[in-house]
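The values are calculated or read from the model by the stated rules, or taken from the named source; none is laboratory data. Since the model is a prediction, treat every value here as computed from it, not as a measurement. So basically every Cβ, Gly included, is an ideal-geometry build from the backbone, and we count neighbours across all protein chains shown.
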Amino acid sequence: MGGILDGKIALITGAGSGIGRATAKIFAREGAKLVLADIVETGGLETLQIVKEMGAEAMFVKTDVSKSQDVNTAIVKAVETYGRLDCAFNNAGIGGRGALTHEYTEEEWNRVLAVNLTGVWLCMKAEITQMLKQSSGAIVNTSSIMGLTGAIRVPAYTAAKHGVAGITKAAALEYARHGIRINAVCPAPIYTPMLMSAFEKRPDMEERYARSEPMKRIGQPEEVGEAVAWLCSDRASYMTGLPMPVDGGYMAQ
């Protein structure tokens, strides 16, 4: 029996590590053909090797999502190679420095917004343009529980992730009648390289994060990837405009 993404052409940004890599492996397992994008070439090529060893057809495109030219090139290469684009997971993101709102630098604000929000919009712009030609497609964006609630010392990240949740809803309404579904996942803290480096600097954070979760643990990247695969599949055919918490119950508190 085929997987839930059998034969679908899928783009994943931020595919070189963390949630992106975990999702790429799940998409490969479920039968998708993959276009992997990341700004870090070494990580992206490692993920490419992993999914090819799993038997998936895949390619890697070095992409800076904050640059429209890079994003457009990735979509063009996907369509040139596979003829269409069925799914996209706009996952590339950065954490940014921790600082209070009045102490945040303009340079850092612009950097976080460029990748985490403008990057998602640039990807959607190119993906939707292609999907309109096909009259079908599914897009999932990575927001965060910080796209649904506030958090201290991460003003740019919180603003960007709220923006991702907002543009997900707006675009879902615009393209629902064109056969294009657009949702977002909103993970709680997940064991990714980005989070692990934060834990190294502040070891107390790991226990504090786990304690704040109803499930009393931090999530695994695969637990987000499974939700993304389902949202991209035809099994979620009546789902659009949802920023879906994948958070161990955090937002229910």
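Whether a residue is among the aliphatic types (A, V, I, L, M), in a helix (DSSP H, G or I), out of contact with any Cys (no Cβ under 8 Å at 6 or more places or on another chain) and at pLDDT 95 or above was assessed, and Val185 does not pass this test. Filtered by the rule that a residue be assigned to a helix (DSSP H, G or I) and in contact with a helix residue (DSSP H, G or I) (Cβ under 9 Å, 6 or more places away or on another chain), the stretch 197-218 gives Ala198, Phe199, Met205, Glu206, Tyr209, Ser212. Scanning the stretch 219-248 for residues that are in a loop (DSSP other than H, G, I, E, B) and touching an Asp or Glu at 6+ places or on another chain (Cβ under 7 Å) turns up just one, Gly248.
Are any of the residues in the stretch 21-37 among the small types (Gly, Ala, Ser), surrounded by 17 or more Cβ atoms within 10 Å (Cβ to Cβ), touching a Pro at 6+ places or on another chain (Cβ under 6 Å) and at pLDDT 95 or above? Checked the stretch 21-37: at least one residue is among the small types (Gly, Ala, Ser), surrounded by 17 or more Cβ atoms within 10 Å (Cβ to Cβ), touching a Pro at 6+ places or on another chain (Cβ under 6 Å) and at pLDDT 95 or above.
Of all the residues in the stretch 147-187, those that are out of contact with any strand residue (DSSP E or B) (no Cβ under 6 Å at 6 or more places or on another chain) and in contact (Cβ under 8 Å) with a residue 24 or more places away in the chain number 18. Taken together, the residues in the stretch 81-117 that are part of a helix (DSSP H, G or I) and touching a Ser or Thr at 6+ places or on another chain (Cβ under 6 Å) amount to 2. Check the stretch 63-75 and report whether any residue there is farther than 22 Å from Asn116 by Cα and in contact with a helix residue (DSSP H, G or I) (Cβ under 6 Å, 6 or more places away or on another chain). Checked against the condition, which is being farther than 22 Å from Asn116 by Cα and in contact with a helix residue (DSSP H, G or I) (Cβ under 6 Å, 6 or more places away or on another chain), the stretch 63-75 yields no hits at all. Just a yes or no: is a residue in the stretch 2-25 within 25 Å of Ile128 (Cβ to Cβ), in a loop (DSSP other than H, G, I, E, B), in contact with a Leu (Cβ under 7 Å, 6 or more places away or on another chain) and touching a residue at least 60 places away in the same chain (Cβ under 8 Å)? Yes, the stretch 2-25 contains at least one residue that is within 25 Å of Ile128 (Cβ to Cβ), in a loop (DSSP other than H, G, I, E, B), in contact with a Leu (Cβ under 7 Å, 6 or more places away or on another chain) and touching a residue at least 60 places away in the same chain (Cβ under 8 Å).
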